[in-house]
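Take a look at the structure set out below.
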Amino acid sequence: MIQRRRPKVPDVRRSYIISVSIQPGCYRHIRISANMTLEALHEIIISETEFLDVQHLHAFFMDNKVWGSRDSFYGYDANGGNQPGDMIDRDVRLSQLALFKGKQFVYVFDFGEQWTFNCRVLQVLDEDTEKPVVIRSKGEPPEQYPDDEEDDEESEIELTLKS
């Protein structure tokens, strides 16, 4: 496996409060250090969705367009799914991005289901944050595979009718 060299980026004393919304009425405000990577932001977003199946590809689209071509950062795929030239989220600190109050971007999780999260920088703070933390939470996240329960119920009804 080829080891990638991460550029040395100096630490900064800055944090962001980022609003992440998956559907109307369901959002999380996350406080995160500018020294953290996009991968760290991905991890806290997914932990807040309560999705159980988290082994899916994901990407951040900093131009605020799903599948936008500019400023796109993809999760590392150990199975070789990344394309040559893909910028990988674990290699990019938030401090390296042009984040400012009001900046909007999109995060997509699971390229099959295409869970789309709208993200917006609410605040830029002149202090560091030790670890990412949710400071405000509203609404229940949707089920990851809501159709699976309906399929299970239909299969159960069919089995009952056949008996």
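In the stretch 22-36, how many residues are over 13 Å from the mean Cα position of the chain (by Cα) and open to solvent by 40 Å² or more (accessible area, probe 1.4 Å)?
The total comes to 5.
Listed here are the residues, each with its yes/no results for (1) modelled with pLDDT under 95; (2) exposed (fewer than 10 other Cβ atoms within 10 Å of the Cβ); (3) on the phi < 0 side of the Ramachandran plot.
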{"residue": "Phe100", "(1), (2), (3)": "no, yes, yes"}
{"residue": "Lys103", "(1), (2), (3)": "no, no, yes"}
{"residue": "Gly112", "(1), (2), (3)": "yes, yes, yes"}
{"residue": "Arg120", "(1), (2), (3)": "no, no, yes"}
{"residue": "Leu125", "(1), (2), (3)": "no, no, yes"}
{"residue": "Val133", "(1), (2), (3)": "no, no, yes"}
{"residue": "Pro142", "(1), (2), (3)": "yes, no, yes"}
{"residue": "Glu149", "(1), (2), (3)": "yes, no, yes"}
{"residue": "Glu158", "(1), (2), (3)": "yes, no, yes"}
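Yes or no, residue by residue, for (1) in contact (Cβ under 8 Å) with a residue 12 or more places away in the chain; (2) more than 24 Å from Tyr145 (Cα to Cα):
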| residue | (1), (2) |
| --- | --- |
| Arg28 | yes, no |
| Asn35 | yes, yes |
| Glu39 | yes, no |
| Ile44 | yes, no |
| Asp53 | yes, no |
| Ala59 | yes, no |
| Ser72 | yes, yes |
| Pro84 | no, yes |
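Take the stretch 38-53 and flag every residue that is more than 11 Å from the chain's Cα centre (by Cα) and open to solvent by 30 Å² or more (accessible area, probe 1.4 Å). Even if it seems obvious, please write down each step before you answer.
Step one: of the stretch 38-53, the residues more than 11 Å from the chain's Cα centre (by Cα) are 50-53.
Of everything in the stretch 38-53, those that are more than 11 Å from the chain's Cα centre (by Cα) and open to solvent by 30 Å² or more (accessible area, probe 1.4 Å) turn out to be Glu50, Leu52, Asp53.
Just to be sure, is Val12 within 27 Å of Glu140 (Cα to Cα), open to solvent by 30 Å² or more (accessible area, probe 1.4 Å) and not in a helix (DSSP H, G or I)? Show your work before the answer.
Working: within 27 Å of Glu140 (Cα to Cα): no; open to solvent by 30 Å² or more (accessible area, probe 1.4 Å): yes; not in a helix (DSSP H, G or I): yes.
Answer is no for this residue.
The values are calculated or read from the model by the stated rules, or taken from the named source; none is laboratory data. Note that the structure is predicted; figures quoted are calculated from it, not measured. FYI the Cβ positions are ideal-geometry reconstructions off the backbone, even for glycines, and counts take in every protein chain you see. Quick note on the areas: whole protein, heavy atoms, side chains included, nothing else; ligands and nucleic acids left out. Shrake-Rupley method; radii C 1.70, N 1.55, O 1.52, S 1.80 Å.
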